[in-house]
Amino acid sequence: MYIKKALMLGAFFVMLFGGVATAEPIVTESTSDSTVTSNGKSETTVKSPPPSAISPSINNSNSDVCTIAFSGAVQTQILGISGGSAIRDMNCERLKLSKVLYDMGMKVAAVSNLCQDERVFSAMEMAGTPCPFMGKIGEEASQLWETYPELRPDHMKKEEKDGTFLKGIGAGALGAGLLFLLL
């Protein structure tokens, strides 16, 4: 009985899928002819941009560094110049050194370090607490500052400013000359 059912099922599948296998393939033929005639003139002009002077990046990755970084670049059609540098911030260094001295318990040394700045020196005088002088404080220090005025920070700054002005004029003239060469 199972054999009869299996044979009938097999015959059913042969009739169902057998017709597909014996079908003839579909053939499509297509022919096309075309002729293209083209005449043209083409001209290509390539204009490249001038090379670039790229200023270097100067990174102060640590925020506890007393430097100021700068960079710049100048580019013309012929020549490009770039450069950069870092400048020490002396006032920042003075503040950090004074804080370290104060934290170590060296209060007079910390104040003496700050007094090297003419603004602090003047403020201390105005407050009636003169800056220390060779370990002396108070009235003794005030008398010594009067005896040796050439050692005062405000006196020393006047001499430094004269030299700084002349250096600034020289650097400006050199920069102007270099820019003139670029043109």
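The values are calculated or read from the model by the stated rules, or taken from the named source; none is laboratory data. Owing to the predicted nature of the structure, the values given are computational and were not obtained by experimental measurement. Using ideal geometry, Cβ is built from the backbone for each residue, glycine included, and neighbour counts are taken over all protein chains shown.
If you check Gly84, Gly40, Gly72, which single one turns out to be at pLDDT 75 or above, surrounded by fewer than 10 Cβ atoms within 10 Å (Cβ to Cβ) and not basic (Lys, Arg)? Show your work before the answer.
Numbers: Gly84 fails: surrounded by fewer than 10 Cβ atoms within 10 Å (Cβ to Cβ); Gly72 fails: surrounded by fewer than 10 Cβ atoms within 10 Å (Cβ to Cβ).
The conditions single out Gly40.
Once the range 144-183 is narrowed to residues that are among the acidic types (Asp, Glu) and over 22 Å from Arg94 (Cα atoms), the residue that is modelled with the highest pLDDT is Glu146.
Take the range 87-114 and flag every residue that is of a type in the set (Gly, Ala, Ser) and loosely packed, with under 15 Cβ neighbours inside 10 Å. Correct list: Gly105 only.
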